[in-house]
Amino acid sequence: MTLPLPQGFLWGAATAAYQIEGAAAEDGRGPSIWDTFSHTPGRTLNGDTGDVATDHYHRWREDAAAMAELGIAAYRFSIAWPRVMPEGRLNQKGVDFYSRLVDALLERGIAPVATLYHWDLPQELEDAGGWPERATAFRFAEYASRIGRALGDRVHTWTTLNEPWCSAFLGYASGVHAPGRTDPAAALAAAHHLNLAHGLASRELRAVTAPADGRPAWQSVTLNLHHLRGEEEAVRRVDAVSNRVFLDPMLGRGYPADLLEDTAAITDWGFVRDGDEEIIAAPLDVLGVNYYSPTLVRQWDGVSPRESADGHKAGAASPFVGCEEVEFAAQPGPYTAMGWPVDATGLEELLLRLHRDHPGVPLMITENGAAYGDEVGPDGRVRDDRRITYLRDHVAATRRAIGAGVDVRGYFAWSLLDNFEWAYGYSKRFGLVHVDYATGERRWKDSARWYRDMIAEPDATGAGTGGATGS
Ligand code: GBH
């Protein structure tokens with residue numbers, strides 16, 4: 001049995017500026033924290049940088065043509081702040097790049113879904129203190145206002161931030177992302193100023209954008225919510241400092257009391273000023289959800305070596321500030337090339353939880369996908385059956401949640417193209433389209449053909465709600 005998809009459901013694909021564009025020093029782009037970080041020895045695998053990446057800055061026409069062939073209804077991309085406002089001044093050449101891209105999408109009937117911040121903070125702002133500094137939020141609002149005025153007649157959905165959890169806690173607590181700092185108090189201040197930046201920017205965007213087609217643009221933010229399982233107290237703690245620290249203030253509930261208690265030894269939250277929570281609670285038309293895997297946690301006994309299976313290495317600084325008594329436990333496979341477990345039921349459960357905790361908030365899956373080895377065969381084909389299975393099962397999970405009453409507006413595969421996978425450099429391939437980094441050549445993987453067919457006929461590819469199971 002299959003259930004119908006909602007009218008206007010957006011099938012899409014996603015990318016991010018620093019991961020695909022290259023052209024790092026072209027047309028007036030200034031440096032971002034990721035340029036600095038990736039050029040610092042030892043920070044990324046093999047010293048890989050985004051200097052050239054997939055060269056999308058020059059190949060965007062070809063990429064837009066591939067999107068049209070895929071039949072996607074929407075393309076989620078990010079705008080590079082240091083390209084548009086290096087040193088705080090508007091760089092017209094940078095704006096023109098995104099303006100041309102948006103026009104090319106619209107010509108092909110593809111709705112532009114634009115993210116303002118996918119981790120590429122202008123370096124000058126980090127030099128002035130970065131996200132732990134309150135002024136950064138106001139600079140972000142200024143940038144939002146300028147780019148909103150430039151593209152606001154054509155963009156379908158605006159997303160302020162991509163995964164502020166990563167910006168705050170991987171950037172300032174564990175230090176595995178730029179700017180690579182390891183200061184838990186700074187990370188919590190960063191989280192608050194990212195929340196504030198989101199609220200201020202949403203207000204600006206709401207004021208300056210007006211799509212020419214008369215439909216008001218959707219305002220959104222994208223969170224990487226941790227779908228947590230395991231012991232209750234461990235789940236509560238990690239949920240507070242990874243999910244509710246963003247969800248609750250953004251959805252009008254202010255900061256959770258247990259979060260303030262759990263982190264009291266680290267900070268007194270003196271950076272939260274009167275009126276901030278009201279700004280952060282700017283109306284959201286849709287909440288973007290990025291999902292890859294669930295997380296399994298339990299209380300640590302304090303004696304045996306603490307397990308840390310969830311991406312951060314034992315002994316290294318943890319991104320989970322205030323969770324020193326929590327253990328991140330190994331989960332059953334299969335695993336992707338990132339070592340992340342494949343578990344589509346987690347996505348279904350996460351969607352149901354959001355629907356239960358925040359009824360009436362429309363959701364959109366803004367990222368979901370998997371990295372695999374992806375070798376080009378002698379016949380030129382990339383046989384990525386495991387990615388097809390991953391996507392099929394997660395689309396099916398999404399449709400089961402929709403069938404259960406969850407308001408999901410779209411699903412975006414991560415990623416359109418193989419790209420610069422942050423600290424992992426070019427070693428991990430998430431694309432539907434394979435990229436040969438030596439030549440820039442693009443090649444459709446089997447999963448791209450599968451995605452195209454699924455979009456054309458969602459019920460004919462095993463991605464309906466009835467057939468596939470959670471694994
Ligand atoms: C997304 O982040 C990004 O938006 C995108 O740019 C990226 O390419 C894509 O996913 C694939 O990685 O720190 O112990 O919690 C993914 C967010 C955060 C998911 C870290 C896995 C597990 C490690 N990731 N998390 S831990």
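Residue-wise test of (1) open to solvent by 50 Å² or more (accessible area, probe 1.4 Å); (2) touching a residue at least 40 places away in the same chain (Cβ under 8 Å); (3) under 20 Å from Thr136 (Cα atoms).
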{"residue": "Trp269", "(1), (2), (3)": "no, yes, yes"}
{"residue": "Glu277", "(1), (2), (3)": "yes, no, yes"}
{"residue": "Ala281", "(1), (2), (3)": "no, yes, yes"}
{"residue": "Val286", "(1), (2), (3)": "no, yes, no"}
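Beta carbons closer than 6 Å, at least 6 apart along the sequence or on distinct chains, pair a first residue in the stretch 305-326 that is more than 22 Å from Ala264 (Cβ to Cβ) and open to solvent by less than 40 Å² (accessible area, probe 1.4 Å) with a second that is at pLDDT below 80 and away from the ligand (no atom under 11 Å from the Cβ) for Ser308/Ala314. I need the full set of residues from the stretch 400-418 which are in contact with a Phe, Trp or Tyr (Cβ under 7 Å, 6 or more places away or on another chain) and closer than 22 Å to Phe37 by Cβ, in order please. Once the filter is applied, which keeps residues that are in contact with a Phe, Trp or Tyr (Cβ under 7 Å, 6 or more places away or on another chain) and closer than 22 Å to Phe37 by Cβ, the stretch 400-418 yields Trp414, Ser415, Asp418. For Phe77, the conditions (1) surrounded by fewer than 24 Cβ atoms within 10 Å (Cβ to Cβ); (2) under 21 Å from the mean Cα position of the chain (by Cα); (3) hydrophobic (A, V, I, L, M, F, W, C) all hold with the exception of (1). When residues in the stretch 356-404 are screened for being surrounded by fewer than 23 Cβ atoms within 10 Å (Cβ to Cβ), out of contact with any strand residue (DSSP E or B) (no Cβ under 8 Å at 6 or more places or on another chain) and under 22 Å from Tyr437 (Cβ atoms), 5 of them pass. For the stretch 160-185, taking the residues that are buried (at least 24 other Cβ atoms within 10 Å of the Cβ) and of a type in the set (S, T, N, Q), the one that is nearest to the ligand (Cβ to nearest atom) is identified as Asn162.
In the set Arg253, Arg229, Arg203, only one residue is charged (D, E, K, R), open to solvent by 20 Å² or more (accessible area, probe 1.4 Å) and without any contact (Cβ under 8 Å) to a residue 40 or more places away in the chain; that residue is Arg253.
The values are calculated or read from the model by the stated rules, or taken from the named source; none is laboratory data. Keep in mind that this is a model prediction, so the values were computed, not measured. Don't worry about glycine lacking a Cβ; one is built from the backbone with ideal geometry, like all the others, and counts go over all protein chains shown. Just so you know, the surface numbers come from the protein's heavy atoms only, side chains and all, with ligands and any DNA or RNA stripped out. Shrake-Rupley method; radii C 1.70, N 1.55, O 1.52, S 1.80 Å.
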